[in-house]
Structures are given as structure tokens and as C-alpha cells.
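The values are calculated or read from the model by the stated rules, or taken from the named source; none is laboratory data. All figures in this text were calculated on a predicted structure; none of them were measured in a lab. Positions of Cβ are backbone-derived with ideal geometry, glycine not excepted, and every protein chain shown enters the neighbour counts. Remember, those area values only see protein heavy atoms, side chains included, never the ligands or the DNA or RNA. Shrake-Rupley method; radii C 1.70, N 1.55, O 1.52, S 1.80 Å.
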Amino acid sequence: MKKLLTIFFAGFLSFTTMANENLYPLITNVPNRDVTSLNGDWDYIVDRYEVGYYDYRLKPSQWGFFKDQKPKSETDLVEYSFEASDKMFIPRDWNSSDEKLYFYEGTVWFRRAFEFSPKQDERYFLYFGAVNYEALVYLNGEYIGSHKGGFTPFNFDVTDKLKEGENFVVVKVDNTRHKDEVPTVNTDWWNYGGITRDVLIIEEAETFVRDFSISLSEDTYTEISGWVQLDGENPQTSVKVSIPELKKEVSVTPDENGRGAFSISAKPELWSPENPKLYEISLSVAGKTMNEQIAFRHVDTRGNEILVNDKPVYLSGICIHEEAPFRGGRFNSAAEAHTLLSWAKEMNANFVRLAHYPHNEYMVREAEKMGILLWSEIPVYWTISFTNEETLQNAKNQLEEMITRDKNRGAVIIWSLANETPVSDVRNHFLTQLVEHARSIDDSRLISMAMEKEYHDAYTPAINDPLMGLVDVVSFNSYIGWYDGLPEKCSKMNWELPVNKPVIISEFGGGAKQGHHGTKNQIWTEEFQEELYIQSVAMFEKMNLAGTCPWILMDFRSPRRLLPGIQDGWNRKGLISNDGIKKKAFFIMKDWYELKN
Ligand code: GCU
């Protein structure tokens, strides 16, 4: 019996890779650092049975694909070859890169060989913008570490692992969905797997600014403050923070942990949607300077209003998935971000809900340059395993990585912690811990989530999510006229909204196949969708809302949307088709928002 148990236990262990092993504290402001890009063609091997990781007894093999073995003689048995395998441009999801992998969920191995010449006394970090979903990372055949979570960055210290000349990095990527992961198994978006964002080697001096925060001080417009976090052998090296355009400069002496706070008396021009003013900031330490571009603004609430720089702002919003315009798949470029955000601006939107996970950093920085306020969220979506401690830790990790990366992005005004999670005591406890964790990391932004509602009767919704007291902005999704009745039902609704907090509709809308026309009573026609939007905005006009976010800017792939000839694997609630063609409802929102702003 004992032997049997031992085999079982060993087998069980081999299935559970640790989450987030050997991660180095996240390095921020990566777009402004010295990097060597490993983007480009990577070899890849589709490994459905994970033979590149486990031996035939399902134990981790020491001779897995990460060794990148090559036959040493004519009789050498090696049953794989990266060099002889197909190539894929990275960063890119595999589903939209290789039609054989359109539906694939499982493990794919990626390899990138590269020449490198490490400099004496410099430090090197291997950085991934995101990998969906679990990444096991190896450098020159040696295990470096692992990360779980498909939409946030992570990095490893590889200073002592890079060689002069030829190096190779191997990544085992597994996008298999599991009940206890974040997100769980059911989502209304395509499970695009792969190395979907940049892969970089960050080069830094022995002691460098790993992280920092800089913003207007609380409750004032005449002081800028923040902190720097040094990393290295000399943590108390002086750091110079300067804002040339304001002719301001301050010297910071960090403590023994490398942490140093600063404040600067200054009255910067404020960032706002109307005036997206950015300041060049430079941080210098030991003769090396790094720049950053900062938006100085305040965001707050007052009663049921949202304030930007103490002025009430109506959030003329739109939801956006990280789906590439025209080609589909995940995108990771400023150009594609600009295309989507330009469509949002064309709609007279001043606010974007980045659904349902942290988007790539290009999207966040492009929105900031364009004067678009942002809602950023973690994929705690629908029926998460709220009783599982590892699931909570995973959600906290992803929350921390999202906030750490974007805490200096003035455009981000709302951190969202969940979407449409079914109310229960365990869900309330899980989300309460997430709210507390978010506020412990960043108490300067507004907290929200797409919350639940009940109905007194068919026409009288009650916004009564037990967590309303915890958030700064009460948000909920409403599909009156689509999932709940027909468009004319909008005119019969009696909404009772909480009066002491801002309320935004974080989703609403309905589907239409672009180019499919008929009467406004025919579902899936552009005319039906247009009527739904006409009725929806008329209903919103009677409500005291702080914002609205149509679901969604552009059609996106979803495994839940299977109606032939209409959906074909796409969610058609977009106001624009995935081919970039605007539907009639787009112009209803454009005209309405023009009035609202
Ligand atoms: C839900 C959910 C979205 C989904 C949408 C829909 O509210 O939050 O992720 O895509 O409805 O049904 O299209």
C-alpha cells in the first residue's frame, strides 16, 4: 500500500507546477530602459502530451525540450528538433498565427537562440510583457522560473546565466484552462495562448532605479511627490529626480533598503482628456539617466460625481477587448492601440474600459497620450473558485503586477477587481480581500467592479450588491433589450440608483452582423442594434449616471458565439465589425456623447 501511495503522490506532484517561481521584483518603466529585444521568429513545437516535460511515468524529465538536445552521432536518439520545427513571429498568440492552432489549448514550446555579449558589472533581466497562461522559462538549458497569469509582466534576474556568444531561451507555454485559475474555465473571449507581448533583456547598472512612483501629492495642485526604489549593492546611492520643463530638481537619498521619498514644490499643467499634457521626468543614479513621461492630475468622487482635477466628468465610455483590429488575435503595438483608441475618440468617448484583463502597456500609454481615461481590471470573471486560497493568491499576484506596472499612468483612474461574479459569502470575502489589497498598494485611484443586481419586479432592478459599500464607483452591466426583454422595455424601467456614490453602466448593448439589414424588429440586423441603442440612451437620460460603457467597440472572437452566418465564433456586439466597418449604432453613441461632453 505504501509503495502505491508513493507513486500516487509523486504522480500528483508532477502535475502541479508551482506558480510564480524565482520571479524577480517587477522592473517598471520598461519602454524607457536599455533593452535587447528577443522579439522575432521563434522555433515552436506543439506538445499536446507534454512529452517535452514528463517522462513516460509522468515524472518531470531532466532531458526535456528545454535542453534543446541535438544528436551527437548517427545513432543518437533525439525525438525533437527546434531547428527543424516551424517558426512563429513573437510576440503573437498561436491561435491567430497558425491555423492548425486556432482551437488549440495545451502546451507549446518556444525557443529563441541569440548572440549576446554581457558587459562586466552590468546586470541583466529577462522580461516578458505577458504569456498566456502558464510559462516555464529556461535559459541555456537551465530552469529559470515560472509565472501564471496571461496578461501581466514578469521578469527574472539572468545576470549570472547569460553567456558570451550563443545563448538560447526556451519557454514552455500552457494555455489550458483550469477551474481554479484566474480566469476560470468559462469566459466570453478567445483563449489566445502564447507569448503575446514583448520579450526583452533589460540591461542595468549594478545599482539602478528598479521602480518609482511620482504624482501630484494628495489634496494639492502645488506639490509633486513620490518615491524611488533602488536595487543593487549600493542602495543608498543618491538619486536625482528632475522635471526640466518645470525647472525642478531634487536629490533623494534612499534608506538601507534602497527606498527614498521626495517632494517637489511645483504647479504643473494638469493632464485631462481635453489637455493630455505629459511631462518628461528624468531619474539619474550613478551617472545613468532614465526618462519617464508623467501625467499630473487628480481623480476623486463627490457624491454621485466623478471628478478629474476637481471638475465633474461624465465618463463617455466604451469597452474594448485586446483584439487586433482587422486581423484578429491579441495585439501588442502602439499602432493597433492607436487604431482602436482613435475609433473610440471618433465616437466622442473620453473613457475606455479595458476588458476583462490588463491590456498591453502600449494601449495604456497610447490612451494617456490621447487623453483617454482608463478602467483597468483583472480577470476575476464569473465563476472563479472563491474558496481556493491559491486562486486568491493568483488574483492578488495579477492585481499587484497590474498596479505595479501602471501606477504611474495618470490615464488610469479605476482599478476593477471583478466582473459579474455570483454573490455568495465566499465571493464577498474573496473580493473584500482583493479590494483591501488594491488599496494597500495604491490608495490614489478609484476602486470598482462590475457588480450584481436583483429585480423587485421585471421593471424595477435593485442595485444591491453586498460590496457596494467597499467600492468608490458602483458599476453594473445592463442588457435591457437584449438578454432582458426587447428594446422597448428600456422605456418601462424604474431604476433606483444609490445616491451617495457615482454609478456607471459598465456594459450594455446587443449584437448585429455588420451589413445585415432589415427592420428594427429583426434581431442581428444593424437596425435592431441601432434601435436598442436609441432606447438605451433614452433610458440613461432618465438616470443619474456618472458614465456609460457600451459593450463593445469592436466584434471579438469568442467560443460561446456559434450562430452560423451571424456569429461564426465572434461576439457581434461590436459597434464596429472586426473588419473595421462601423455599424449604424456607432453613430447613435457618437451623437449622444457629443451632447454629453
Ligand atoms: C457579459 C460579460 C462580457 C460578455 C457580454 C456578452 O456582461 O461581462 O464579457 O462578453 O456580457 O454577453 O456579450
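Protein-only accessible surface at a 1.4 angstrom probe places the residues Thr460, Thr432, Thr222 in the order Thr222, Thr432, Thr460, largest first. If the chain linking Ala538 and Thr301 were pulled fully straight, counting 0.36 nm for each residue of separation and taking away their Cα-Cα distance, it would gain 82.8 nm. Every Cα-Cα pair in segment 228-268 was counted, and those over 14 Å apart are 45% of them. For segment 300-596, the fraction of C-alpha pairs more than 36 angstrom apart is 11%.
Convex hull volume of the C-alpha atoms in segment 422-461, normalised per residue: 81 Å³. Probing with 1.4 Å while keeping every protein chain in the model, the per residue accessible area of segment 316-466 equals 29 Å². Annotation: Arg48 carries an accessible surface of approximately 140 Å², with a 1.4 Å probe and no ligand, DNA or RNA atoms counted. Heavy atoms of the protein chains alone define the surface here; on that basis segment 3-205 has 47 Å² accessible area per residue at 1.4 Å probe size.
For segment 203-286, the relative contact order comes to 31 percent (Cα pairs under 8 Å, sequence separation of at least 6). In this label model, Asp121 and Tyr455 are separated by 7.1 nm, measuring between points 7 Å along each Cα→Cβ vector. The portion of the accessible surface of segment 3-205 made up by carbon and sulfur, rounded to a whole percent, is 54 (1.4 Å probe; DNA, RNA and ligands excluded). Size check on segment 33-122: the Cα extents along the three principal axes, sorted descending, read 44, 36, 27 Å. With the cut-off at 1.5 for a/c, could you classify segment 3-205 from its C-alpha gyration tensor as rounded, prolate or oblate? Here segment 3-205 falls in the rounded category. Between the beta carbons of Tyr479 and Asp34, assuming R0 = 60 Å, the FRET efficiency works out to 0.80 to the nearest 0.05.
Any chance you could run the full-extension gain for Ala261 through Ser238? It's 0.36 nm times the residue separation minus the Cα-Cα distance, nm to one decimal. Spell out each step's value before the answer.
Values: separation 23, 0.36 × 23 = 8.28 nm, distance 1.16 nm.
Full extension of this stretch gives 7.1 nm more.
Rolling a 1.4 Å probe across all protein chains gives Trp63 an accessible area of roughly 150 Å². Site pair Lys492 and Ser85 shows an inter-label distance of 5.8 nm when each label is modelled 7 Å from Cα along Cα→Cβ. Computed with a 1.4 Å probe over protein heavy atoms only, the accessible area of His359 comes to about 0 Å². Normalising by the residue count of segment 88-216, find the relative contact order in percent from Cα pairs under 8 Å and 6+ residues apart. Relative contact order comes out at 37 percent.
Here Lys163 is the anchor, and the lysines within straight C-alpha reach of less than 25 Å, apart from those fewer than 8 places off in the same chain, are Lys67, Lys70, Lys72, Lys87, Lys119, Lys172, Lys288. For the chain, the relative contact order works out to 11 percent when only alpha carbon pairs closer than 8 Å and six or more residues apart are counted. Spatial offset of segment 420-440 relative to segment 333-361 amounts to 27 Å, using the alpha carbon center of each.
Per residue, the Cα convex hull of segment 208-296 amounts to 85 Å³.
Considering only protein heavy atoms and a 1.4 Å probe, what is the carbon-and-sulfur percentage of the accessible area of segment 300-596? Carbon and sulfur together cover 51 percent of it. Ordered by 1.4 Å accessible area with all protein chains kept, Leu545, Leu23 run largest first as Leu23, Leu545.
Rounded to the nearest 5, the antiparallel percentage of DSSP beta bridges internal to the chain is 75%. Enumerate the amide H contacts of Cys319 below 5 Å, restricted to partners 5 or more residues apart or on another chain; note that Pro and chain-start residues carry no placed amide H. Correct list: Arg353, Leu553. According to the calculation over all Cα-Cα pairs in the chain, the P(r) per 20 Å bin from zero is 19, 51, 26, 3 %. As a ratio to 2.2 N^0.38 Å, the alpha-carbon radius of gyration for segment 337-395 is 1.42.
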